[in-house]
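Colleague: The following block contains the structure, expressed as structure tokens.
The values are calculated or read from the model by the stated rules, or taken from the named source; none is laboratory data. Nothing here was measured: the structure is a model prediction, and the numbers come from that model. For neighbour counting, all protein chains shown are included, and Cβ atoms are generated from backbone atoms with ideal geometry for every residue, glycine included. Only protein heavy atoms, including side chains, enter the accessible area calculation; ligands, DNA and RNA are left aside. Shrake-Rupley method; radii C 1.70, N 1.55, O 1.52, S 1.80 Å.
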Amino acid sequence: PAYASSKPVIIYGTSITQGGCASRPGMAYTNILSRMIPMEFVNLGFSGNGKGEPELAHIISEIDDPALIILDYEGNTGEAGNIARTLPAFIQILRERHPEVPILVVSRISTAEDQFYMKRRELNDRRRLIQIENVEQRRKEGDHNIHFVDGLKLLGNDSAEECTVDGTHPTDLGFLRIAQSLAPVIKSLLRL
């Protein structure tokens, strides 16, 4: 079938975005989404290297006429200060070229370590809060085309631990759940 639009959906992120541990390329959540939503999805997942560098923001901003830009790179940022520094700058660079394009910020999915390591859970909570605060601040400043999705909810509430290979990277089931959780949000933002 034909695409609903010639505008692509751009997804920037980590090895999870890339599709690391999927049984085949078609099972990455970006590719599952491309079958659920009749649009081109451009997967810019960088295993271990989705860190929000301004150079990548400039490159992404050069993509002509995107329908939506999704930022899903928290998992590679390390200390909370890194995402606090990179996210506002990354968004600003995108906004300079694409002032009206919807941007969806997605925090990281739940992992096995969240259940066992309090310091790691606290770090992840701080990073998620930084993303929420950035999105809320931009919305207060008048950018109503920026949105947030809590990645902790993407795998579902029942047996999320069954959704990863190694406690971090999704199985095909995990990728399917991510796609199923994101699809209604994306469709709403794209008015499909």
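Colleague: Taking into account only those residues within the stretch 113-154 that are in a loop (DSSP other than H, G, I, E, B) and either over 26 Å from residue 177 (Cβ atoms) or touching a residue at least 60 places away in the same chain (Cβ under 8 Å) (or both), which is least open to solvent (accessible area, probe 1.4 Å)?
Modeller: The initial filter retains those residues of the stretch 113-154 that are in a loop (DSSP other than H, G, I, E, B), namely 117, 141-145, 150, 154.
In the following step, the residues that additionally are either over 26 Å from residue 177 (Cβ atoms) or touching a residue at least 60 places away in the same chain (Cβ under 8 Å) (or both) were identified as 141-145.
On the way: 141: 130, 142: 46, 143: 20, 144: 115, 145: 43 Å².
If we take residues in the stretch 113-154 being in a loop (DSSP other than H, G, I, E, B) and either over 26 Å from residue 177 (Cβ atoms) or touching a residue at least 60 places away in the same chain (Cβ under 8 Å) (or both), then 143 is least open to solvent (accessible area, probe 1.4 Å).
Colleague: Applying the selection to the stretch 50-80, what residues are open to solvent by 30 Å² or more (accessible area, probe 1.4 Å) and either within 17 Å of residue 127 (Cα to Cα) or not in a loop (DSSP other than H, G, I, E, B) (or both)?
Modeller: 51, 53, 54, 55, 56, 58, 59, 75, 76, 78, 79, listed by residue number.
Colleague: Here is a further query. Hey, any hits in the stretch 22-35 for a residue that's in contact with a Ser or Thr (Cβ under 9 Å, 6 or more places away or on another chain), modelled with pLDDT under 95 and assigned to a loop (DSSP other than H, G, I, E, B)?
Modeller: So far as the stretch 22-35 goes, yes, one or more of its residues are in contact with a Ser or Thr (Cβ under 9 Å, 6 or more places away or on another chain), modelled with pLDDT under 95 and assigned to a loop (DSSP other than H, G, I, E, B).
Colleague: Another question, if that's okay. Do we have any residue at all in the stretch 9-31 that's among the aliphatic types (A, V, I, L, M), out of contact with any Asp or Glu (no Cβ under 9 Å at 6 or more places or on another chain) and surrounded by fewer than 19 Cβ atoms within 10 Å (Cβ to Cβ)? Steps first, answer last, please.
Modeller: Step one: list which residues in the stretch 9-31 are among the aliphatic types (A, V, I, L, M), which gives 9-11, 16, 22, 27-28.
Imposing the further condition that a residue be out of contact with any Asp or Glu (no Cβ under 9 Å at 6 or more places or on another chain) reduces the set to 10, 28.
Retained after the next criterion (residues that are surrounded by fewer than 19 Cβ atoms within 10 Å (Cβ to Cβ)): none.
No, every residue in the stretch 9-31 fails to be among the aliphatic types (A, V, I, L, M), out of contact with any Asp or Glu (no Cβ under 9 Å at 6 or more places or on another chain) and surrounded by fewer than 19 Cβ atoms within 10 Å (Cβ to Cβ).
Colleague: Scan the stretch 157-192 for residues that are within 16 Å of the chain's Cα centre (by Cα) and in a loop (DSSP other than H, G, I, E, B) and jot them down.
Modeller: 168, 169, listed by residue number.
Colleague: Still on this structure: Which numbered condition in (1) of a type outside the set (Gly, Ala, Ser); (2) part of a helix (DSSP H, G or I); (3) within 14 Å of the chain's Cα centre (by Cα) is the only one that residue 43 fails?
Modeller: (2)
Colleague: Take the stretch 81-108 and flag every residue that is outside any helix (DSSP H, G or I), open to solvent by 10 Å² or more (accessible area, probe 1.4 Å) and either hydrophobic (A, V, I, L, M, F, W, C) or touching a Ser or Thr at 6+ places or on another chain (Cβ under 7 Å) (or both). It would help to see each step written out before you state the result.
Modeller: As a first pass, look at the stretch 81-108 and keep what is outside any helix (DSSP H, G or I): 98-108.
Narrowing the set further to residues that are open to solvent by 10 Å² or more (accessible area, probe 1.4 Å) leaves 98-102, 108.
Answer for the stretch 81-108, where residues must be outside any helix (DSSP H, G or I), open to solvent by 10 Å² or more (accessible area, probe 1.4 Å) and either hydrophobic (A, V, I, L, M, F, W, C) or touching a Ser or Thr at 6+ places or on another chain (Cβ under 7 Å) (or both): 98, 101.
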